[in-house]
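Peer 1: One structure, as structure tokens, below. Some questions next.
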Amino acid sequence: MSALEPHIVDRDRTTGWIEVVCGSMFSGKTEELIRRLRRARIARQHTKVFKPTLDERYSDEEVVSHNENSVTTTTVAVPEEILDLVAEADVVGIDEAQFFDDDLVRVCQALAADGHRVIVVGLDTDYRAEPFDPIPQLMAVAEHVTKLHAVCVVCGAPANHSQRIVPGEDRVLVGATEAYEPRCRECFAPEPVTVTRPRPHTEALRMVPEDANGAPDDSSSAGDPSR
Ligand SMILES: [Zn+2]
């Protein structure tokens, strides 16, 4: 049993359980979901992943983490639809869960009671650092909670906040990752701030193949600071 992941298979149990993976933007939540799903598949578990329809970045068919590790998903408008679509899935992943309404709590409880392992992934706070429903309620009823941190781009400390760096009052700027950067408690400001320094590397590192001389392949975009 790892600290991050409780257990994959427990064939003696009739109920499932709920795992919540939360944290700020750029904290690696979706990568962690993909990692858990990959391990579940190795254990011959059937997996199914859902996300809300309003998250329209990238493809409709995939959960795509910022490092482009991807998993096929089904989009649903409301949590209730998940109950009709899980079928034989042992493991039910739910990405971008903060965009669902509070009914997601009831649906996750029903899935767990019915024997499914439920992995819920979402932002636990909004850009003002206010709790982002329904993630706090899910954290309360979950068996396992994993809180991930990004790295503060100002000072390098563990970052718990998504700093808005463009003006606006909207609680959610869907998919607008360029509108945020990760910051720690000390460097965070609840109001949007203007950033004039170069954009930091908030993308995950990529593995770059080396050429025959052992030098990095410059044709890759991995080292492009404008990304
Ligand atoms: Zn900081």
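Peer 1: Scan ARG128, ARG185 and give me the residue that is within 13 Å of the ligand (Cβ to nearest atom) and either in a loop (DSSP other than H, G, I, E, B) or not acidic (Asp, Glu) (or both).
Peer 2: Going through ARG128, ARG185 in turn, just one is within 13 Å of the ligand (Cβ to nearest atom) and either in a loop (DSSP other than H, G, I, E, B) or not acidic (Asp, Glu) (or both): ARG185.
Peer 1: Applying the selection to region 90-116, what residues are under 13 Å from GLU19 (Cα atoms) and touching a Phe, Trp or Tyr at 6+ places or on another chain (Cβ under 8 Å)?
Peer 2: Of everything in region 90-116, those that are under 13 Å from GLU19 (Cα atoms) and touching a Phe, Trp or Tyr at 6+ places or on another chain (Cβ under 8 Å) turn out to be VAL92, GLY93, ILE94, ASP95, ALA112.
Peer 1: So, one more: Hey, can you tell me all the residues within region 24-48 that are within 26 Å of PRO136 (Cα to Cα), assigned to a helix (DSSP H, G or I) and in contact with a strand residue (DSSP E or B) (Cβ under 7 Å, 6 or more places away or on another chain)?
Peer 2: Result: LYS29, THR30, GLU32, LEU33, ILE34, ARG36, LEU37, ALA40.
Each row is one residue, and each column tells you yes or no for (1) modelled with pLDDT under 95; (2) surrounded by fewer than 12 Cβ atoms within 10 Å (Cβ to Cβ).
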residue	(1), (2)
GLU181	yes, no
CYS184	no, no
PRO192	yes, no
LEU205	yes, yes
PRO209	yes, yes
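Peer 1: Another question, if that's okay. Based on this model, can you work out whether PRO198 counts as at pLDDT below 95 and away from the ligand (no atom under 16 Å from the Cβ)?
Peer 2: yes
Peer 1: Continuing with the same structure: Kindly indicate whether VAL154 is under 22 Å from CYS184 (Cα atoms), surrounded by fewer than 19 Cβ atoms within 10 Å (Cβ to Cβ), among the β-branched types (Val, Ile, Thr) and more than 16 Å from the ligand (Cβ to nearest atom).
Peer 2: When the stated conditions are applied, VAL154 does not pass them.
Peer 1: Among the residues of region 142-161, is there at least one that is assigned to a helix (DSSP H, G or I) and hydrophobic (A, V, I, L, M, F, W, C)?
Peer 2: No, there is no match, as no residue in region 142-161 is assigned to a helix (DSSP H, G or I) and hydrophobic (A, V, I, L, M, F, W, C).
Peer 1: In region 131-151, what residues are more than 16 Å from the ligand (Cβ to nearest atom) and within 15 Å of LYS29 (Cβ to Cβ)?
Peer 2: Initially, region 131-151 is screened for residues more than 16 Å from the ligand (Cβ to nearest atom), giving 131-148.
Listed by number, the residues that qualify are PHE132, ILE135, LEU138, MET139, ALA142, HIS144, VAL145, THR146, LYS147, LEU148.
The values are calculated or read from the model by the stated rules, or taken from the named source; none is laboratory data. Just so it is clear, the structure is predicted and the values come from calculations on it, not from any experiment. Cβ sites come from the backbone with ideal geometry, for glycine too, and all protein chains shown count toward neighbours.
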